[in-house]
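Student: Let me give you the structure first, and then I'll get to my questions.
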């Protein structure tokens, strides 16, 4: 089974790319979706975060307060490192379990969305890397359209490794500042390369 990572910065179209590959017949996983499951009320990781950061990160219904977590993740580098030390190992373990399950199911190829692939040094896990790349201006616009306050959008983009640095690790780059049709065309070319050149069926 080939493991192909899909990475890039915030609001650069990783989820859209994953959906396109799903429509082409690929098996897909998302580390963001895995993280969301691990953070549901009552989970081990949920408890660990409360122990580390206190009850202030919890809503009245027990769910994690996303805005307060965003303040931790993007407002203070030291707090971000503490958060990552808890989050990353748990997500990696869960991702490894899901990949192993797919190996057992004899899946030919799987595309996995891993936003912090390069930052966490996980590129060696994968047979290929796709980098989604937009422009910083478009990233900011997309974040604002999602309702992210301007200052928070700036913090998020500044806190991340620039995508131009990730391109150095890419086997393929999908330029997502182009039209959806052009993005789909780029994805189809990559899928054709995988299915024809590497024997994925």
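Student: Can you give the extra length, in nm with one decimal, that the chain gains between residue 71 and residue 123 once fully stretched, where that is 0.36 nm per residue apart less the Cα-Cα distance? If you can, show how the numbers build up before the last one.
Tutor: Working: separation 52, 0.36 × 52 = 18.72 nm, distance 2.79 nm.
Answer, rounded to one decimal: 15.9 nm.
Student: How long are the semi-axes of the ellipsoid equivalent to the chain, from square roots of 5 times the Cα gyration tensor eigenvalues, in whole Å, largest first?
Tutor: The answer is 29, 21, 14 Å, longest axis first.
Student: Give me the angle, in degrees from 0 to 90, between the Cα long axis of helix 77-104 and the longest principal axis of the Cα atoms of the chain, rounded to the nearest 10.
Tutor: 40
Student: Compute the long axis of helix 150-159 from its Cα atoms, compare it with the longest principal axis of the Cα atoms of the chain, and write down the angle in degrees, 0 to 90, nearest 10.
Tutor: Around 60 degrees separate the two axes.
Student: Further question on the same structure: Could you work out the relative contact order of the chain, using alpha carbon pairs under 8 angstrom and six or more residues apart, expressed as a whole percent?
Tutor: Details: 254 pairs, mean separation 76.0, N = 201.
Relative contact order, the chain: 38 percent.
Student: Name the residues of the range 100-140 whose amide N is less than 20 Å from a point 7 angstrom out from the Cα of residue 24 along the C-beta direction?
Tutor: From the range 100-140, the list is 107-115, 126-134.
Student: Normalised radius of gyration for the range 139-187, please: alpha carbon Rg relative to 2.2 N^0.38 Å, two decimal places.
Tutor: Numbers: Rg = 13.2 Å, N = 49, 2.2 N^0.38 = 9.7 Å.
With N residues counted in the range 139-187, Rg over 2.2 N^0.38 Å equals 1.37.
Student: Oh, and also: Treat the range 1-98 as a sphere of radius equal to its Kirkwood radius over Cα pairs and apply Stokes-Einstein at 25 °C in a medium of 0.890 mPa s; give the translational diffusion coefficient in µm²/s, rounded to a whole number.
Tutor: Values: Rh = 15.0 Å.
The Stokes-Einstein estimate is 163 µm²/s.
Laboratory data are not the source of any read-out in this text; all were calculated from the coordinates shown. Worth saying up front: this structure is predicted, and the values here are computed from it rather than measured. Positions of Cβ are generated from backbone atoms using ideal geometry, with glycine treated the same way; all protein chains shown enter the neighbour counts.
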